[in-house]
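The values are calculated or read from the model by the stated rules, or taken from the named source; none is laboratory data. Everything numeric in this text was worked out from a predicted model, so none of it was measured. All Cβ positions, even for glycine, are placed from backbone atoms using ideal geometry, and neighbour counts span all protein chains on display.
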Amino acid sequence: MAGPAAGVLLRDALAGAEAAAFDTWLAEAFEPYDDGLWLLRAPSMIGAPPDAVAAGSFGIERQAWTDDPDLPDMPRAIGYRPAEEIVLYAMAKGHNDHLVLGRLCLTLARRFGAFIDFGGALQPGTRPPGIPYLEPDAQQSELLLASISSAVRAIPGTVFEFRYQTARETPWVNHVGDAGFLAAWLDHPRFHMIK
C-alpha cells in the first residue's frame, strides 16, 4: 500500500441481503482491477466529481474488527464495539486518491451509520514553528498535539482523539470521526487522508 488508508467501523457485521446489497453497490461504483483492487467507475455514486476516475486503484476489504491495544477507549467513546471494519486504502497518493478515499468513507459511514477510523492524526492547521517533522521530542510533540487538537475541534461534526505512545516514546493521537465531521473535513482547504 503506497497511499492513504482508513477504516469504516460497522456496528454489525454485514450478512445476508445486506452483504449482497453492499457487493452489488461496490460492483456498480467500482470495477475490479488487479489482485483484488478496484478502480472507480461511477464517481457520482460516492459524491465525487467526474474527473475522480483519474484516481489510482483501491483496496476495499471487509474484515472482523479486532480490539486495538492503542485505542482501548474507542468502543466506549463511539458508543459501540465495532463488529466489522471496511478497510479502505489507496495504492497511490495524489489529490484524486485522497478525495476518492474520503468520499468513499463518507458514503459508507452515512450508509451504515458508522464512524471512520482515520488511522492517525489529521493535521488541518499549520505546524507550530520550531518543531521538526521527524522525531520531535516529547515536549515538542505535546505542543504539536495541542495545535492539532485545536484545529481539529474547530471542524464541525463529532471527532474523538485517542492518545497513544509511539515506538519513540512520544505521544501521538489517532482521530475517529463521524460522517458529519468527515463531510466538513472534505470541504477544508487542507483536506487529506492519512498515509
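Details
- Candidates are the residues of region 40-99 that are of a type in the set (K, R) and touching a Phe, Trp or Tyr at 6+ places or on another chain (Cβ under 9 Å); the one that is nearest to V173 (Cα to Cα) is R81.
- Top-ranked residue in region 144-181 [being surrounded by fewer than 15 Cβ atoms within 10 Å (Cβ to Cβ) and modelled with pLDDT of 95 or more; ranked as farthest from the chain's Cα centre (by Cα)]: A146
- Subset tally (residues that are within 13 Å of T107 (Cα to Cα) and of a type in the set (A, V, I, L, M, F, W, C)) for region 165-180: 1
- Within region 93-133, if we keep just the residues that are closer than 30 Å to E18 by Cβ and among the β-branched types (V, I, T), the residue that is surrounded by the fewest Cβ atoms within 10 Å (Cβ to Cβ) turns out to be T107.
- Of the candidates A138, A114, the single residue that is modelled with pLDDT of 95 or more and not aromatic (F, W, Y) is A114.
- So A184, is it within 18 Å of the chain's Cα centre (by Cα), surrounded by 13 or more Cβ atoms within 10 Å (Cβ to Cβ), over 25 Å from W65 (Cα atoms) and among the hydrophobic types (A, V, I, L, M, F, W, C): yes
- Neighbours by Cβ (under 9 Å, 6+ apart or cross-chain): first from region 19-40, buried (at least 17 other Cβ atoms within 10 Å of the Cβ); second of a type in the set (D, E): W38/E31; L40/E31
- Pairs where the first residue, in region 65-86, is modelled with pLDDT under 95 and the second is surrounded by fewer than 15 Cβ atoms within 10 Å (Cβ to Cβ) and of a type outside the set (D, E), C-beta under 7 Å, 6+ apart: D70/Y164
- Identity of the residue in region 78-92, among the hydrophobic types (A, V, I, L, M, F, W, C) and within 13 Å of P4 (Cα to Cα), that ends up surrounded by the fewest Cβ atoms within 10 Å (Cβ to Cβ): A92
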